[in-house]
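Here is the structure we will look at.
The values are calculated or read from the model by the stated rules, or taken from the named source; none is laboratory data. Computed from a predicted structure; not experimentally measured. Neighbour counts are summed over all protein chains in view; Cβ atoms, including those assigned to glycine, are modelled from backbone coordinates with ideal geometry.
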């Protein structure tokens, strides 16, 4: 579970040095979790890593793994990531045929169940299943590549998601992923997000650990207002 429930920073290893991921994980030991982007070149036009690499990452990571599955046929493939012992597994609503069933299966297998939405996917059709989720991920860029700019157009959707979560009474984390910097984390936190995925803002800094502390501090100030 996240160690900082009011503002969690989950660095994305999409921006890390893939030649030595174990060392890159050690550089973010103060993070709440590491965000692992799994892409299949079908659901998104990019190819990263798969289950065998993720299993090894779990074995050496100093923090929990938060898998973001940007893959087709999530109903078939996502449960294996829960079986691998990951703390959290997030599938895309657009890639799942039976999202409620899949979320329940992930929980049954010991993982926290997360569901992601692309920037243009409306959140309203999924609000009735909030109690089936542990986390809702609002993409703030188009999934597939790191280094993109934050899409301001997603802020109203984040606000609507936060209002729905608070209204439901469900204990659901609201995560944002894409273009998170020292500036945009403030706007995302003001809109209601409390889990932030940051790639280049962390691994592009001289000290990733210090960058995590700065981002967390900025997000916490907003969340505590």
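Couple of notes before you dig in:
- Within segment 185-211, restricting attention to residues that are over 16 Å from the mean Cα position of the chain (by Cα) and closer than 21 Å to residue 120 by Cα, the residue that is surrounded by the fewest Cβ atoms within 10 Å (Cβ to Cβ) is 190.
- Extreme residue, surrounded by the most Cβ atoms within 10 Å (Cβ to Cβ), among residues of segment 36-71 that are within 18 Å of residue 117 (Cα to Cα) and out of contact with any strand residue (DSSP E or B) (no Cβ under 6 Å at 6 or more places or on another chain): 40
- Segment 130-155 - residue that is modelled with pLDDT of 95 or more and surrounded by fewer than 16 Cβ atoms within 10 Å (Cβ to Cβ) and, of those, farthest from residue 93 (Cα to Cα): 152
- Test: residue in segment 134-155 that is closer than 25 Å to residue 52 by Cβ and in a helix (DSSP H, G or I): no
- Which numbered condition residue 101 misses (of (1) in contact with a strand residue (DSSP E or B) (Cβ under 7 Å, 6 or more places away or on another chain); (2) part of a helix (DSSP H, G or I)): (1)
- Selection status of residue 158, over 17 Å from residue 116 (Cα atoms), buried (at least 21 other Cβ atoms within 10 Å of the Cβ) and in contact with a helix residue (DSSP H, G or I) (Cβ under 6 Å, 6 or more places away or on another chain): no
- Any hit, segment 80-98, residues being out of contact with any helix residue (DSSP H, G or I) (no Cβ under 6 Å at 6 or more places or on another chain), modelled with pLDDT under 95, within 24 Å of residue 152 (Cα to Cα) and surrounded by 15 or more Cβ atoms within 10 Å (Cβ to Cβ): no
- Only a single item in (1) closer than 19 Å to residue 92 by Cβ; (2) free of Cβ contacts under 8 Å to residues at least 24 places away in the same chain; (3) not in a helix (DSSP H, G or I) is not met by residue 206, and it is number (1).
- Test: residue in segment 165-180 that is touching a strand residue (DSSP E or B) at 6+ places or on another chain (Cβ under 9 Å), in a helix (DSSP H, G or I), farther than 11 Å from residue 7 by Cα and touching a residue at least 24 places away in the same chain (Cβ under 8 Å): yes
- Selected residue (only one of 193, 217 is more than 19 Å from residue 68 (Cα to Cα) and free of Cβ contacts under 8 Å to residues at least 60 places away in the same chain): 217
- Here residue 124 meets the list (1) surrounded by 18 or more Cβ atoms within 10 Å (Cβ to Cβ); (2) at pLDDT 95 or above almost entirely, failing just condition (1).
- Tabulated pairs, segment 64-80, first at positive phi, second surrounded by 19 or more Cβ atoms within 10 Å (Cβ to Cβ), C-beta under 8 angstrom, 6+ apart or interchain: 73/95
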